[in-house]
Amino acid sequence: GIQVEQSPPDLILQEGANSTLRCNFSDSVNNLQWFHQNPWGQLINLFYIPSGTKQNGRLSATTVATERYSLLYISSSQTTDSGVYFCALGTGANSKLTFGKGITLSVRP
Amino acid sequence: DAMVIQNPRYQVTQFGKPVTLSCSQTLNHNVMYWYQQKSSQAPKLLFHYYDKDFNNEADTPDNFQSRRPNTSFCFLDIRSPGLGDAAMYLCATRGQPGAIGSNQPQHFGDGTRLSIL
């Protein structure tokens with residue numbers, strides 16, 4: 001099956017700092033989503049981005065499908081950004097998602 | 001405004017006592033998925049329905065079953081829960097792709113956290 005690798009595994013930031021989270025994958029995909037899982041376990045969809053670039057407030061994402069990677073940018077980080085960030089890739093006719101192991105982000109005040 | 005609704009948010013059951021988790025959706029999506037997420041791990045797909053067609057993942061234990069009586073509802077049944085089945089269970093839906101080559105994102109519910117006593 002498809003391999004998904006996220007880096008770095010852990011990230012500690014001071015409030016206000018910027019960061020880049022990376023997702024590498026091993027095969028072509030028909031779906032790529034970035035999620036933020038908050039401390040209550042809710043999985044919040046950040047971006048649906050199988051290719052191209054999107055922005056939503058302080059967050060933006062870029063996927064270069066031909067080179068099999070995606071990047072999530074967080075600018076001016078806030079303590080509420082803390083949590084686990086997952087990259088998930090969809091393959092096959094029913095686009096079943098395979099999740100990376102996640103990146104644990106801690107933003108300190 | 002929740003579009004994928006999971007009930008209950010927290011479920012406690014006894015070792016070996018059957019339990020059912022429910023998921024409903026207001027999106028009229030034809031694909032519904034169940035994922036299991038154990039502590040400090042990534043979500044892992046258990047099975048999915050494409051309309052009424054059930055698709056089981058190869059490594060999903062026989063202890064886990066699912067029912068989809070109509071488009072809106074999908075249930076996860078755990079016949080004899082063991083301690084290792086304690087986890088967050090996430091339901092997701094996806095709509096029909098549009099034009100050839102396009103796709104749709106998956107929409108997740110808030111999950112049900114299952115504890116086994």
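The values are calculated or read from the model by the stated rules, or taken from the named source; none is laboratory data. Here the structure is a predicted model, which means the values were calculated and not measured. Cβ coordinates were reconstructed from backbone atoms using ideal geometry, including for glycine residues, and neighbour counts include every protein chain displayed. Surface accessibility is based on the protein's heavy atoms, side chains included, excluding ligands, DNA and RNA. Shrake-Rupley method; radii C 1.70, N 1.55, O 1.52, S 1.80 Å.
Summary table
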{"read-out": "Residue in region B:40-53 that is at pLDDT 95 or above and away from chain A (no Cβ under 11 Å) present", "value": "no"}
{"read-out": "Whichever residue in region A:42-58 is in contact with an Asp or Glu (Cβ under 9 Å, 6 or more places away or on another chain) and under 30 Å from B:Pro8 (Cα atoms) and, among such residues, is most open to solvent (accessible area, probe 1.4 Å)", "value": "A:Gln42"}
{"read-out": "Unique match (being more than 9 Å from chain A (Cβ to nearest Cβ), open to solvent by 80 Å² or more (accessible area, probe 1.4 Å), in contact with a strand residue (DSSP E or B) (Cβ under 9 Å, 6 or more places away or on another chain) and modelled with pLDDT under 95) among B:Thr26, B:Thr71", "value": "B:Thr26"}
{"read-out": "Residues that are at pLDDT 95 or above and either under 26 Å from B:Tyr35 (Cα atoms) or within 14 Å of chain B (Cβ to nearest Cβ) (or both), drawn from region A:63-79", "value": "A:Thr63, A:Arg68, A:Tyr69, A:Ser70, A:Leu71, A:Leu72"}
{"read-out": "Tally, over region B:1-47, of residues that are assigned to a strand (DSSP E or B) and not hydrophobic (A, V, I, L, M, F, W, C)", "value": "14"}
{"read-out": "Cross-chain or 6+ apart pairs with Cβ under 7 Å, region A:75-103 first and at positive phi, then assigned to a strand (DSSP E or B) and charged (D, E, K, R)", "value": "A:Ser95/B:Arg94"}
{"read-out": "Number of the condition not met by B:Ser66 [criteria: (1) open to solvent by 60 Å² or more (accessible area, probe 1.4 Å); (2) more than 12 Å from chain A (Cβ to nearest Cβ)]", "value": "(1)"}
{"read-out": "Residue, farthest from A:Ile12 (Cα to Cα), within region A:90-109, restricted to residues that are at pLDDT 95 or above, assigned to a strand (DSSP E or B) and open to solvent by less than 40 Å² (accessible area, probe 1.4 Å)", "value": "A:Phe99"}
{"read-out": "Pairs, first facing chain B (nearest Cβ under 8 Å) and aromatic (Phe, Trp, Tyr) in region A:30-50, second open to solvent by 40 Å² or more (accessible area, probe 1.4 Å) and part of a strand (DSSP E or B), C-beta under 8 Å, six or more apart", "value": "A:Phe35/A:Ile44; A:Phe35/A:Asn45"}
{"read-out": "Of all residues making up region B:48-71, the number that are within 25 Å of A:Gln37 (Cα to Cα), hydroxyl-bearing (Ser, Thr, Tyr) and not in a strand (DSSP E or B)", "value": "1"}
{"read-out": "Residue among A:Glu67, A:Glu15 that is within 30 Å of B:Arg113 (Cβ to Cβ) and of a type outside the set (Phe, Trp, Tyr)", "value": "A:Glu15"}
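So that you can scan it fast, the table gives a plain yes or no per residue for (1) touching a Lys or Arg at 6+ places or on another chain (Cβ under 8 Å); (2) under 16 Å from A:Gly100 (Cα atoms):
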residue	(1), (2)
A:Leu11	no, yes
A:Phe25	yes, yes
A:Ile44	no, yes
A:Asn56	no, no
